[in-house]
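Chemist: Questions regarding the structure given below will be posed in turn.
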Amino acid sequence: MSIDNHITHIYKRNGRLVAFDQDRITDAIFRAARSIGGEDIERAKELSDQVVIALNQTFEPGEKPTVEEIQDMVIMVLEKNDHHTTARAYAHYRSEHARLREGRKSGKILDTIPYKVLWDVLSWNVDYGCETVEHLNEHVRRGTLPILIDAAEKVYHDEVGNLAQSIIKRKDEIRIVIIAGPSSSGKTTTTIKLREYLEKEGIALSSIALDNYFKNLKEHPKDEFGDYDFERPESLDIELVNEHLLALIQGVEIQVPVYNFKTGQREKKTTPFHLDDDHILLIDSLHGLYEPMTISVPAESKYKMYIEALCQIKDTNGEFVRWADLRMLRRMVRDSWCRSYSPEMTVGHWHYVRNSEMQYIVPYIHQANYIFNGSLPYELPVHKKYLWKYIDQIYNAYKDLPKRYDAFIRSRRIYELLNSVTAIDDDSCIPKNSLMREYIGGSIYKY
């Protein structure tokens, strides 16, 4: 039904005024219902309609409710409609987020949020006029995006140099350097470039890719939609990883497995590998900070770097682009040509990615010796170029499937984001050695 609504803006907890979005209410109600086994998205929409009606009855035209007032109204509507269990689930979710906010204010969990790095990234974006989607679009329209690309590439490569110098200071004690971070954060390219820099400085290195230690795809849990959860640390043969790492630092040759991502199987062949006494082992791993992954290696022998796409660009609603969304866009592009996954499948699979990140990656950030920004300020116009043709198909694939509501929310969010972005026509100005080439192809590196 059509609802008359005069609520146009609301106040967030930090006092910022943002546009009112009823879909957020629907999302919150449905998530609370799903947490207790509910699957009726239409009922969630009906209840959010009632919330909007109640808000319009409570607030005069021109008045702007707060987030807290809207949440109080949601609970009232749920209780009024005898959805008491859903109301309790919603209230619990609300209180948990309040607890996390208080933790951030008190400093108890600051070690999982790299505020200093974020400030540096945002300051650079402001200086170069790319801190918002609107300003980024201006670069595309004015033809100045190549200048921004050159500047961004220099910052990225300079940061690789800073990372290398940090490692060089401890070269006499380090045997293994671990490049860790969530999916599509830039681990692989950064590992290659770090190797280049260190070797120029006379550091002898050997590399090993822990992705080759994936178990065969059929060994992973499979859901009702035929998708596999291969994002957990247990998707790797952790026991073999530890056995091999310990053998390597002890000077013993190992047989590295070879994993074929197109078939989802380990090959029958293996690759012999030996770490010389004067070499440092360089590895990249999704779960490199997860302690059981490298528990066989003494702590003093390890150097851990954490990379994340710390994007500090605001969308047209004034919200910062989500790091996870940026990484999902990267993976959508790469999976489509490299791993036999369509962009639609990547979106549908992403809940496994996020669940694993929140459980096995984010809690361990404080263990990192170095935090690295893997985002590039110019990449949204590039993603628009490669992905826009798929967006309607992805959106429509999930919009009427309550059990895939999480995928629908993500597809709607990236649709709204990319819809506001002006695409780059010609990406030849992106260097062949750029991190961006890991996702769009055309790199000088072999992945």
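A short reminder: the numbers here are calculations on the coordinates, not readings from a lab. A quick note: this is a predicted structure, and the numbers were derived from the prediction, not measured. With ideal geometry, Cβ positions are generated from the backbone for all residues, glycine too; neighbour counts draw on all protein chains shown.
Chemist: Under 8 Å for C-alpha pairs, at least 6 residues apart: give me the relative contact order for region 351-447, rounded to a whole percent.
Modeler: Working: 53 pairs, mean separation 26.9, N = 97.
Value for region 351-447: 28 percent.
Chemist: Once the other residues with Cβ under 10 Å from the Cβ of residue 417 are scored (Lys, Arg +1; Asp, Glu -1), what is the net sum? Provide the component values of the computation, followed by the final result.
Modeler: Working: positive: 322, 384, 412, 413; negative: 315, 319, 325, 416.
Net charge in that neighbourhood comes out at 0.
Chemist: Using the alpha-carbon atoms, what tilt in degrees (0 to 90, nearest 10) does helix 238-249 show relative to the longest principal axis of the chain?
Modeler: Relative to the chain, helix 238-249 is tipped by roughly 40 degrees.
Chemist: How much mean residue ellipticity at 222 nm does the chain get from its helices, if each DSSP H run of length 4 or more adds -39500 (n - 2.57) and you divide by all residues, to the nearest 500 deg cm²/dmol?
Modeler: On the way: 14 runs with 210 residues, N = 447.
Helix contribution divided over all residues of the chain: -15500 deg cm²/dmol.
Chemist: Another question, then. Using only the Cα atoms of region 9-106, construct the convex hull and provide its projected area averaged over every direction, in square nanometres to one decimal. Let's see the in-between values first.
Modeler: On the way: hull surface 25.5 nm².
That works out to 6.4 nm², a quarter of the Cα hull's surface.
Chemist: About the Cα centre of the chain, how large is the charge dipole given +1 on each Lys and Arg Cβ and -1 on each Asp and Glu Cβ? Please answer in debye to the nearest 20. Present the calculation step by step, with values, prior to reporting the outcome.
Modeler: Working: 59 positive and 68 negative charges, 58 e Å.
Computed about the Cα centre, the dipole is about 280 debye.
Chemist: Sticking with this structure for a sec: Residue 13 versus residue 35, label points 7 Å from Cα toward the beta carbon: distance in nm?
Modeler: 1.4 nm
Chemist: Sticking with this structure for a sec: For the pairs 171/269; 193/215; 45/403; 268/302; 64/314, note any where the Cα-Cα span goes beyond 25 Å. Intermediate values should be presented prior to the final figure.
Modeler: Details: 171/269 33 Å; 193/215 28 Å; 45/403 15 Å; 268/302 31 Å; 64/314 22 Å.
In this structure, 171/269; 193/215; 268/302 exceed 25 Å between Cα atoms.
Chemist: At a Förster radius of 51 Å, what calculated FRET efficiency corresponds to the Cβ-Cβ distance of residue 58 and residue 255, to the nearest 0.05?
Modeler: Working: r = 69 Å, r/R0 = 1.35.
Efficiency computed from Cβ-Cβ geometry: 0.15.
Chemist: If you don't mind, another one. Classify region 366-447: rounded, prolate or oblate, from the alpha-carbon gyration tensor (a ≥ b ≥ c, eigenvalue square roots; a/c under 1.5 rounded; otherwise prolate if a/b is larger than b/c)?
Modeler: Details: a/c = 2.30, a/b = 1.42, b/c = 1.63.
Because a/c hits 1.5 or more and a/b fails to exceed b/c, region 366-447 counts as oblate.
Chemist: Further, regarding this structure: Quickly work out the residue 169-to-residue 239 label distance, labels modelled 7 Å from Cα along the C-beta direction, and quote it in nm with one decimal.
Modeler: 4.0 nm
Chemist: Something else now. If you take the beta carbon distance between residue 92 and residue 72 as r and set R0 to 22 Å, what does 1/(1 + (r/R0)^6) give as a FRET efficiency, to the nearest 0.05?
Modeler: Details: r = 15 Å, r/R0 = 0.68.
Given R0 = 22 Å and the Cβ-Cβ separation, E is 0.90.
Chemist: Given contacts defined as C-alpha pairs under 8 Å and at least six residues apart, what's the relative contact order of the chain, whole-number percent?
Modeler: Details: 633 pairs, mean separation 77.5, N = 447.
Reported as a whole number, the value is 17 percent.
Chemist: Is region 207-330 rounded, prolate or oblate when judged by the Cα gyration tensor, a ≥ b ≥ c being the square roots of its eigenvalues, rounded requiring a/c under 1.5 and prolate requiring a/b larger than b/c? Intermediate values should be presented prior to the final figure.
Modeler: Values: a/c = 2.46, a/b = 1.40, b/c = 1.76.
Taking the square roots of the gyration eigenvalues as a ≥ b ≥ c, region 207-330 is oblate.
Chemist: Using a Förster radius of 45 Å, what is the FRET efficiency between residue 433 and residue 401 based on their Cβ-Cβ separation? Nearest 0.05, please.
Modeler: Here the calculated transfer efficiency is 0.65.
Chemist: Provide Rg and Dmax in Å for the chain, with only Cα atoms included in the calculation.
Modeler: Both quantities, over Cα of the chain: 23.6, 75 Å.
Chemist: Counting DSSP beta bridges with both partners in region 110-440, what percentage is antiparallel, nearest 5?
Modeler: Values: 9 of 29 bridges.
So the antiparallel bridges amount to about 30 percent of the total.
Chemist: Here's a follow-up. Just round it to a whole percent: the fraction of Cα-Cα distances in region 287-377 exceeding 24 Å. Please report the intermediate quantities before stating the final value.
Modeler: Details: 1385 of 4095 pairs.
Pairs farther apart than 24 Å: 34 percent.
Chemist: Multiplying the sequence separation of residue 119 and residue 366 by 0.36 nm and subtracting their Cα-Cα distance, what value in nm do you get? Write down the numbers at each step before the final one.
Modeler: On the way: separation 247, 0.36 × 247 = 88.92 nm, distance 1.80 nm.
Between residue 119 and residue 366, full extension yields an extra 87.1 nm.
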